[in-house]
Each structure stands twice: as C-alpha cells, then as structure tokens.
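The values are calculated or read from the model by the stated rules, or taken from the named source; none is laboratory data. No experiment lies behind these values; they were computed from the predicted model shown. Methodologically, a virtual Cβ is constructed for each residue, glycine included, from the backbone with ideal geometry; neighbour enumeration extends over all protein chains shown. Just so you know, the surface numbers come from the protein's heavy atoms only, side chains and all, with ligands and any DNA or RNA stripped out. Shrake-Rupley method; radii C 1.70, N 1.55, O 1.52, S 1.80 Å.
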Amino acid sequence: MNYQPYIDQLISLAIAEDIGDGDHTSLSCISPDALGKMKLLVKQEGVIAGIAIARQIFHRIDADLQMEQLLEDGAKVAVGDIAFYVSGKVLSLLQAERLSLNVMQRMSGVATQTAVYVTQLEGLKTKVIDTRKTTPGMRALDKLAVKIGGGGNHRMGLFDMILLKDNHIDFAGSIESAIRKAQDYLQRSGRNLGIEVEVRSLDDVRTVMRVGGVQRIMLDNFDIPATKEAVALINGQYETESSGGITLENLRAYAECGVDFISVGALTHQIKSLDLSLKAC
C-alpha cells in the first residue's frame, strides 16, 4: 500500500488549518531574514516515529530548511535524547514546529504502544495487526506508526479487502450467501481482492470451510478454549485472525492457540502521545 498520497493530503490540510493566511505571531516579532536552529528533544521513554514525515513537513513549509538526523524511525529513545536538528529561517521553523510535533507525538505514541504488544508475542508466529479504528484523515500515519513499532497492517480501508463482518452476513441472509455474493462480485468486477469472513461460533467456521474460496477466517470474541478448537479445525487451510476482547494481559494466551494474526484496535484508538518538544538551540 502506497500511503504517500494520503500523507501529502494530510500535510496540506494541516498547513491550511494551522497557518491560514499567515503566522501573525511570528510575523509580528521575528525578522524575515532571521536564521536559527531547533532540536527535537525526547522527554519520555518510548519508540520514536514520524521523523520522515516531519522532514516532509519542514520541506513543504520551506524547501531550504536543513535537517541533521541523529535517530531513525523505530529507535528506542530515552529522556534527553535528540532525534534531529533542523535549521533555516526562523519564521519557517516556527510555522513547522507544531505541525511536526503533532505528527511525531501521535505516531511515536502508536509505535510505542505497538512495541509493547509485539514484545508480548516474542518467540511466537502470531503477528499483531491494526484495525480501521483510526482518527479520520490520519489513518496512513497511524498504520505507518504501527509498522514502525513492529506490528502489521490490516486493510487500509473498505477498498482493498473484502471483510464480511457480522452485519454484512446478517443483511446478506447467511454466511454462505455473503461469501457467494462476494465471490460473484469479484468475478463480475474483475477485482483481485482477498476475502475474510468473521465467524461467531465453531459452526460458523465449519460453514466457511464448506463453502470455501476465502483467504482468512476471523474468530470474533472467541474465548481461548474455542480459539484452540477453531485453529485445530481449520488446520492451516486458511489464515486465522483473533479479534475482540483481547487485551495486553491475554494477548499471548490467544497467540499460543496458534492464530496467524491478532487484530487490536487499541493500537491506534487508545494511545497516549509521546512527550516531545522542538526547542531553539
């Protein structure tokens, strides 16, 4: 998935909503010719993310701003670390300050939280992945941050995978009807999309396996004994994903059932931004 078009649009919107017709505070007290330098200071332990996006923001504000990068996205950081220096016109630095911080603080928060979940799965094949539970307009950054933190991405949106969830199945009439209609749609439209089906019971699993023609089975709100039984029943014929009711405390127990993926909405919708600041130096 190429996230760059979404990132470009987001940066344009962020500049428009923050700067508007001018940074009048800076314009009122800073000379247009003044040059300066700032540093990105880490004020909280975690995983840094968004440096590459900050660079794009600086260059969109002023192509002449120069960044001296000391850390890479994904690096573990401690209080007092410096991620980069950026230098150039002071007016440009001040205009880019809050935009770059907003992006980096949120992305670093997502990456830091993801890394905690990833650590819980060490030694197991299971991959923790994100969901569509993201801040509207910031999905590309959220998903990029999950990858930086060591996790994986589920679908980007409604357009790059068919995921037959409970409501789709109920409105379609049955699991079999939903799958058949999805398969027919793909054939008619000429689209090459994977099909995932959410199941709510072991009987649902059996139905999906009888119908066939899907890529992944999502075990929704299964407890651990039922998850083990479902994984044994599927026996590697389809990818498996656990979802719903999974916390940091029970994450590893679900992974030990042998599922391929565990989707966790909290990676992006229950995060605390990492404390960072841009300071003149």
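Name the single residue that is surrounded by the most Cβ atoms within 10 Å (Cβ to Cβ) among those in region 169-184 being free of Cβ contacts under 8 Å to residues at least 12 places away in the same chain and assigned to a helix (DSSP H, G or I).
Per the stated criteria, the residue is A172.
For region 75-122, name all the residues that are closer than 30 Å to L163 by Cβ and not in a helix (DSSP H, G or I).
Residues satisfying the conditions are L121, E122.
Scanning region 249-281 for residues that are closer than 30 Å to I82 by Cα and of a type in the set (A, V, I, L, M), which turns out modelled with the lowest pLDDT?
Applying the filter and picking the extreme gives I271.
Scan region 185-221 for residues that are under 15 Å from H168 (Cα atoms), outside any helix (DSSP H, G or I) and of a type outside the set (A, V, I, L, M) and report the count.
Residues meeting the conditions: 4.
Any idea which of E239, E256 is acidic (D, E) and without any contact (Cβ under 8 Å) to a residue 60 or more places away in the chain?
Going through E239, E256 in turn, just one is acidic (D, E) and without any contact (Cβ under 8 Å) to a residue 60 or more places away in the chain: E239.
Look through K147, K125 and report the one residue that is assigned to a helix (DSSP H, G or I) and basic (K, R).
Unique residue meeting the criteria: K147.
Looking at A52, A63, which one is closer than 21 Å to D8 by Cα, aliphatic (A, V, I, L, M), open to solvent by 60 Å² or more (accessible area, probe 1.4 Å) and free of Cβ contacts under 8 Å to residues at least 40 places away in the same chain?
Step by step, each of A52, A63 is checked, and only A63 is closer than 21 Å to D8 by Cα, aliphatic (A, V, I, L, M), open to solvent by 60 Å² or more (accessible area, probe 1.4 Å) and free of Cβ contacts under 8 Å to residues at least 40 places away in the same chain.
When you go through A232, A280, A266 one by one, which is the residue that is within 24 Å of the chain's Cα centre (by Cα), surrounded by fewer than 17 Cβ atoms within 10 Å (Cβ to Cβ) and among the aliphatic types (A, V, I, L, M)?
Selected residue: A266, the only one of A232, A280, A266 that is within 24 Å of the chain's Cα centre (by Cα), surrounded by fewer than 17 Cβ atoms within 10 Å (Cβ to Cβ) and among the aliphatic types (A, V, I, L, M).
For region 14-49, which residues satisfy the criterion of being part of a loop (DSSP other than H, G, I, E, B), in contact with a helix residue (DSSP H, G or I) (Cβ under 7 Å, 6 or more places away or on another chain) and either without any contact (Cβ under 8 Å) to a residue 60 or more places away in the chain or exposed (fewer than 11 other Cβ atoms within 10 Å of the Cβ) (or both)?
P32, A34
What helices (runs of 4 or more DSSP H) completely inside region 222-281 contain at least 1 residues that are touching a Gly at 6+ places or on another chain (Cβ under 7 Å) and within 23 Å of G123 (Cβ to Cβ)?
Once the helices (runs of 4 or more DSSP H) in region 222-281 are filtered for at least 1 residues that are touching a Gly at 6+ places or on another chain (Cβ under 7 Å) and within 23 Å of G123 (Cβ to Cβ), what remains is 224-234, 266-269.
In region 213-248, what residues are touching a strand residue (DSSP E or B) at 6+ places or on another chain (Cβ under 8 Å), modelled with pLDDT under 95 and more than 25 Å from S177 (Cβ to Cβ)?
Within region 213-248, just I246 meets the criteria.
Name the single residue, out of those in region 242-253 being of a type outside the set (G, A, S) and without any contact (Cβ under 8 Å) to a residue 40 or more places away in the chain, that is surrounded by the most Cβ atoms within 10 Å (Cβ to Cβ).
Among those that are of a type outside the set (G, A, S) and without any contact (Cβ under 8 Å) to a residue 40 or more places away in the chain, it is I246.
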